[in-house]
Structures are given as C-alpha cells and as structure tokens.
Amino acid sequence: MTSRLLTMACLLWALAATGSAHAQASTLNRSVRVLDTLEPAIPRPEQDQAVAAKLAALKAKSGKKPNIVWLLVDDMGYGDPGSYGGGKAVGAETPQMDKLAAAGLRLTSAYAQNTCTPTRSAMLTGRLPVRTGLTRPILAGDKLTVNPWEGETSLPKILGEAGYNTLLVGKWHIGSANGMRPYEVGFDEYYGYYGAQKETSQAVDPARYPDLVLDKDKFARYLELGEDHALVHGFKDGRLAEISVIKSTEDMARADMVLTNFSVNKIKELAKSNKPFFLEHAFMKVHTDNYAHPDFKGRSASKYPYKDAVLEVDTEIGLIVKALEEAGVLENTLVFVTSDNGPQMDGWPDSGYTPFRGGKGTTWEGGVRVPGIAYWKGMIKPGRVSDDVFDLMDLFNTAVHLAGADARLPTDRYIDGVNQTSFLLHDEGEGKRECVFFWFKSDLMAVRMREYKEHVKVILPHSTFMHIDMATVQDTGTAPWLFNLYIDPKEELPVGHRMNAWLASLGAEMGAHAATFKKYPPKKIGL
C-alpha cells in the first residue's frame, strides 16, 4: 500500500471507527490522553509541580490570581518584529516587542489559523474553527443558519465565573449580529469595532475604491448590507453606546491610538479592583488598509504606510506594558504578544513579511506561523527561546489553568487546546503539545509533529502573492508532501520516500485527529 493510500486509509478508518472516538496515534507520539474530550498532551510532571509551587508563592505574595493580557496584532508577519529577523532590516524597528522578547520567552514555532476569524474564535473557545463553524470571516450578506456561539463556552465566561473582570478592546470580527457580540458571549465590557480595518476603510477612501465610494447607486446598495463602521462601547448588562463613526481615512488612521488610550486608562482602573482581570487588546492595524497616524507618518525607515503602522503598533504595545508597570501589576500579569495569522500578501505592498512559503489564507508556514512572545516579569526567565510547537488555542487552556478554573472546562465537547502553563513559566520549560493540525475551512490540510510537517492538501497561488484572491486548493497527488522544517523551512522539497521514515506515522496522527469528529461532530452554521 502506498504512503498516500495508507494516509487516506487511516483517515477513513478513523472516521468510521465505532468502538472508540479515537484512532491509535503513531509510536512517534509522546502525548497522553487523560480525558476523552481533551487534546492529548506530553506529560511533564516535574515541570508542572515546580511551576505550581512558583504560582502558589506568587499568589501568597500578591493576594490575587494573575492578570492575563493578550496583545493581538492583525495580519502581522512572522518576519516583521526585529526579534524574529525583521525590524530595522525590513524598514520598521520594533523596540518594544524586541524588549519583551529579550525579557521573556520567544516562541519560534507558534501557530495561528490561516485567517483572522478562525484564529480569534479558536483562542476564545479552545476549539478548532471546523468544530464551531467559524471557519472564515462572516461577511456582509452572509445568512447564518445557526449562531456559532450557541452552545459554546467562551474564555471570558469561564474567567468571569472564576472572579475575573473581562474586557476586549479593539477588533472583534467573530460576528456582529444579535447574540454574537463580545458582551453577549462572556466579556464584561467591549470597546472597539466589530469588523476588520478594510471593511471600514473601503467606505471612506475614494482613491482606493472609486467604483464604490463615487458611485451613488453602488454605495447606497453597499450601505444596505448593514456594515457597522462605528466604535461601540458595550457591556454585559445590556448597555450599548455608539462612540463615533469612521468618516474618513484620517479617522481610520487614528483608530488604534484611541483604542490604546482606552486600554491604558482601563488598566489603571482595573488594577485598583480586588479582582484580577483579563484584557484582550486586539489592534486594528496592521490589516490592510493601513493609513498612517499623523504622529507616525513617514517615521519608519521604509516610509510605507504598512511599516509606519508596524512602528505605531509597537509603540502602543509599549504604552500598554508601561501602564501595567505604573499600575503596579506587571509582576502579576502574563503578557502574550502575537498575530492572528501570517501577512496578507494579496494587499502588497500594504502587507508584512514572512521568511516562509505562503501567506494569510494558506496552511503553508507563511500563513500560519506567527510571532509568539510570552512575558511575565519575575515569572518567565529572560532570554528564553523555544522551538517547541505552540498553538494559539493553547492560550485558552493556559488562561483557564492560571485562573484555577480547570473544573469549569466543558466536558460535553472536544477541546483542542493544551494547557501550556508550565512550558511558559518553567526556566527550562518544554512544550506539552505534540501535534498542530492545519485546516482550511472544512478541509484537513496538514499536520506538524516535532520538526516534520505533512500536507495532504495544499493551497497553490496562480500569481505572485495571490494566496487568497487567485489560489486553488489541491490534493497533493500520489503521496502526502512531507517536509523537514529544520532543513527546509520554506517547504520547497518533500523528503518523504527519499529521506524520511515518518510518512506513515504522521498519517496515523491525522487519522487519530479525524476520529475525534466521530463522537464530536462539527457544527454547521451556514457559512
């Protein structure tokens, strides 16, 4: 039987399995499943015990559970921050991100989903988008048959029940209809925009979108779609206010600083509370269309709007961390900086840089491998670097564990995240995730295990940088494409039959993964 047929046989057998919800993983797999509904993890008992003692000592000192702050940049490339090989070398210095990376843990194999909505939903549910139905952005005109948040247990809901104040500032992009907004799915408070930057800016830029903005008939029909371009302030108790509306590209240019100022002031307020807090600050930038804030226009070496936006976001990250320090909570706060996917090369030159193949919208490394910086003063040893795999979904389980709320994890559905607390906090921490699975909408595309990555489907562009607008999904052919990312990080030449013994093993991992959908079928929401 060829390796290709073996892989497909594993998948089909797993999906058809009736005796168990899970097929057998490969002998290469070090992870252990402790609960039917939880993704298996690599046991690290000594590491876990050491970090548990470390956290207990901190709680005794601070008197509070730790705060959790996510700083989520939109569409920033792996190669944009200086600490990841970019920065000054690619025309926009990032001293604040680099400072955090040097003072904390820099993850070199952190993974997102391939587009923004899937990543954001996965981070807040701990579940793959194919399970929740949130497999792509919800666009104007989409008619959903089911609210994807129905039946889901969000991270802010769990943390709120565990005694946290929960706040989202910035971009949402996981549904703006009734029942789908941040303050309706668990957050105590929301201050931001429901959609992505481009969805707003295209209505106010006649230079870039003349056939929309300058055509009265088309523009009127566009407005009928109901796109919301307002900055809103919503609360769990039902209060909702429209703060302002984006009416010009200058308004769009200033939006992120407005959001940052809100977070800075809110940190001062939250720090005075007797409750810990969870803050997700989701930048609008650097998602196309980028318009430079007046204070940053031309300040990057590149002078291009995207690079000016990178410089601005980096500065704002520094302002938020400074606010934590001035509020006296920096030593009791986990800060995690990342991006929701790779750079959107379709918007070039209004896009970032990745040294890897592909970009946003693909499951090549360029689309899914992102910067991941974990910083916690006094808790994470400065200068750590790790290539152990980390999925941004792991932040869900990690946050739940830090809140002491593991018992609140849902047990009636499959959770794909892994608790990586001890990996992040131990001075010599090792990762607890064995595999990262890559999906494109409802297609299982690839798996990474250690330094190996195997594709059974790929996304191939038909023109330069056209990873979304001009690309097709294709089967890999007679055999899966297996790459050793340590010798071929650009995924240019498969090594399967010539130089590698693990082709069938990674196929078995896909089979075991696919089998979880037998007992816990994916949700269909009409996308």
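The values are calculated or read from the model by the stated rules, or taken from the named source; none is laboratory data. Given the structure is predicted, the values throughout are model-derived calculations rather than measurements. FYI the Cβ positions are ideal-geometry reconstructions off the backbone, even for glycines, and counts take in every protein chain you see. To get the accessible areas, we keep the full protein, side chains included, count just its heavy atoms, and leave off ligands, DNA and RNA. Shrake-Rupley method; radii C 1.70, N 1.55, O 1.52, S 1.80 Å.
Assorted remarks:
- For THR338: the one exception among (1) part of a loop (DSSP other than H, G, I, E, B); (2) within 21 Å of TRP172 (Cα to Cα); (3) among the polar types (S, T, N, Q): (1)
- In region 310-355, residue farthest from PRO66 (Cα to Cα) [restricted to those that are open to solvent by less than 30 Å² (accessible area, probe 1.4 Å) and of a type in the set (Asp, Glu)]: ASP346
- ASP412 vs. criteria open to solvent by 20 Å² or more (accessible area, probe 1.4 Å), outside any loop (DSSP other than H, G, I, E, B) and charged (D, E, K, R): no
- Region 469-492: number of residues that are modelled with pLDDT under 95 and of a type in the set (A, V, I, L, M, F, W, C): 1
- Given (1) open to solvent by 10 Å² or more (accessible area, probe 1.4 Å); (2) of a type in the set (D, E, K, R); (3) not in a loop (DSSP other than H, G, I, E, B), index of the condition ARG136 fails: (3)
- Subset of region 260-313 that is small (Gly, Ala, Ser) and in a helix (DSSP H, G or I) - its residue that is nearest to LEU402 (Cα to Cα): ALA271
- Selection status of ILE487, β-branched (Val, Ile, Thr) and within 30 Å of ILE138 (Cα to Cα): no
- Hey, LEU72 touching a residue at least 12 places away in the same chain (Cβ under 8 Å) and under 19 Å from the mean Cα position of the chain (by Cα) or not: yes
- Among residues of region 371-404, those that are in a strand (DSSP E or B), surrounded by 24 or more Cβ atoms within 10 Å (Cβ to Cβ) and not small (Gly, Ala, Ser), counted: 5
- Hits in region 204-221 - residues which are touching a Lys or Arg at 6+ places or on another chain (Cβ under 9 Å) and either of a type outside the set (A, V, I, L, M) or closer than 29 Å to GLY234 by Cα (or both): VAL204, ASP211
- Flag for VAL146 being farther than 30 Å from ALA253 by Cβ, in contact (Cβ under 8 Å) with a residue 60 or more places away in the chain and surrounded by fewer than 20 Cβ atoms within 10 Å (Cβ to Cβ): yes
- Residue in region 74-82 that is under 30 Å from TRP364 (Cα atoms), among the small types (Gly, Ala, Ser) and either part of a helix (DSSP H, G or I) or open to solvent by 10 Å² or more (accessible area, probe 1.4 Å) (or both) present: yes
- Qualifying position, being free of Cβ contacts under 8 Å to residues at least 12 places away in the same chain, surrounded by fewer than 16 Cβ atoms within 10 Å (Cβ to Cβ) and of a type outside the set (D, E, K, R), among SER463, SER442: SER463
- When residues in region 1-49 are screened for being aliphatic (A, V, I, L, M), at pLDDT 70 or above and either open to solvent by 30 Å² or more (accessible area, probe 1.4 Å) or under 20 Å from MET393 (Cα atoms) (or both), 7 of them pass.
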